[in-house]
1. Which aspartates and glutamates, if any, have their Cα less than 13 Å from the Cα of LYS87, not counting same-chain residues under 8 positions apart?
2. Along each of its three principal axes, how wide is the spread of alpha-carbon positions in the chain, in whole angstrom units, largest first?
3. Can you put VAL83, VAL258 in order of accessible area, largest first, using a 1.4 Å probe?
4. Roughly what would the spin-label model give for LEU264 and ARG299, points 7 Å off Cα along C-beta, in nm?
5. Run the dipole for the chain about the Cα centre, Lys and Arg Cβ at +1, Asp and Glu Cβ at -1, nothing else charged, and hand back the magnitude in debye, nearest 20.
6. Can you tell me how much longer the chain between ARG412 and ARG93 gets when fully stretched, taken as 0.36 nm per residue apart minus their C-alpha distance, in nm with one decimal?
7. Which loop-located GluC sites (Glu not before Pro) does the range 150-240 contain, where loop means any DSSP state but H, G, I, E or B and the Cβ has at most 13 other Cβ atoms within 10 Å?
8. Taking 0.36 nm per intervening residue step and subtracting the Cα-Cα distance, what contour gain separates ASP275 from ASN118 on full extension?
Amino acid sequence: MSEHAPEIESYLGTTLKSSPLMRQYCALTDTLDSRAELEAIRRNIHQNPELAFDEVRTSGLVASLLETWGFTVTRAVGGTGVVGTLKCGQGGRSVGIRADMDALPIYERSGLPYASVNEGRMHACGHDGHTAILLGAAKQLARTRNFDGTVHLIFQPAEEIGAGGGAERMLADGLFERFPCDAIFGLHNHPGMEQGNFLFRSGPFMAACDTVTITIRGKGGHAARPHQSIDPILVAGSLVMALQSVVARYVDPNETAVVTIGTLHAGHAPNVIPDSARMEISVRSFSPEVRASLENRIRQLATAHAEGYGAMAEIDYVRGYPVLVNSERETEFARQVAEELVGADKVVGQAARIAGSEDFAYFLQERPGCFVRLGNGANQPLLHNAGYDFNDENLTVGAAYWTRLVERYLGR
Ligand SMILES: [Zn+2]
Ligand SMILES: [Zn+2]
């Protein structure tokens, strides 16, 4: 860095008239200074994982670091959530960036020196890394203050638990009313892709994931007297086949949807017709319209099917996270920021859709924005695996990305 120091000094002393290349250079080299510190923070969080809405130590660490760096800190937003706010200049624009903080109920088998000391809890989804990245950006933004407007850094609890998770709780706690954001941005690491590569996609990017439990109520009896019973196993077997028609016949071939019957339970003895049968179904989709029609179709089919056999269907349809939809303008903007930073060869502009789900989708229902996936290494263990670890090489890349994104979004 030394031989370029005068140029950087002059850059920092001027406004954003410098070339994109120079901006990129500064963003990366400045965060490199913080590499060791960020790594220590990340490994500290990794070693002390906390489950959803129990992120007391983690959020305390986040809040105190933000305060040290001059942020206005609001604690207990949506449970254990923290928002750090920094305002520069007189600009009226604002932007939110979100990181998730929770770990998973997994026994860590990574063998790392900083492996979890909380048995049965593990940062197996890299939320330790997402949190450290956003802290890196916080420190850098507070140091350079090279923007005009307000940035809200949103540290969210409980991404992993499905319905009623941290994003919903923060929104219910008035997140965007208390901390107005013109747009919202987030990232997730992505094992299976080269470290430091960015995956963008405008429009639907990650799936909605719903879970349906159907209980068929029949009438139990002796196996020898089927005519005096209503056999729920026959109904369930027939319904399993009928449900295959939902995607095949009711979803536009240009759309993608999945209906998987993951469990089917009934009966205890070969000579007994049971009272009931139960199945659990995973339903995934990439558009609100398809999602709604899948639910309607499954409800209608199960109800009518059971009635057709003289049985009854109880349907418990639980909606999980919605489709994650990136807005076009903000995605293009974020893609340009990434491309300036790491070069076009490390940025995929329109990646394939991902069948996983993510509660950042709730924020994107309220504000325009972009959720990006950041390569964690091609041959790394997958997310939620007991051998997984976040790739620390991404700490500075991620922090530089957020810093540049804020500086560009809230450009003077
Ligand atoms: Zn996860
Ligand atoms: Zn995750």
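1. Counting by Cα, and skipping residues close in sequence, LYS87 has these aspartates and glutamates nearby: ASP148, GLU407.
2. Computed over the chain, the largest-to-smallest principal extents equal 92, 44, 40 Å.
3. I get VAL258, VAL83, largest accessible area first.
4. Simple spin-label model gives 2.5 nm for this pair.
5. 540 debye
6. Additional length available on full extension: 113.8 nm.
7. For GluC sites (Glu not before Pro) across the range 150-240 that sit outside H, G, I, E and B with at most 13 neighbouring Cβ atoms in 10 Å, the list reads GLU194.
8. Fully extending the segment from ASP275 to ASN118 adds 52.2 nm.
The values are calculated or read from the model by the stated rules, or taken from the named source; none is laboratory data. This one's a predicted model, so the numbers in the text were calculated from it and none came from an experiment. When we count neighbours, we look across all protein chains shown, and the Cβ atoms used for this are built from the backbone with ideal geometry, even at glycine. Note: areas computed on protein heavy atoms with side chains; ligands, DNA, RNA excluded. Shrake-Rupley method; radii C 1.70, N 1.55, O 1.52, S 1.80 Å.
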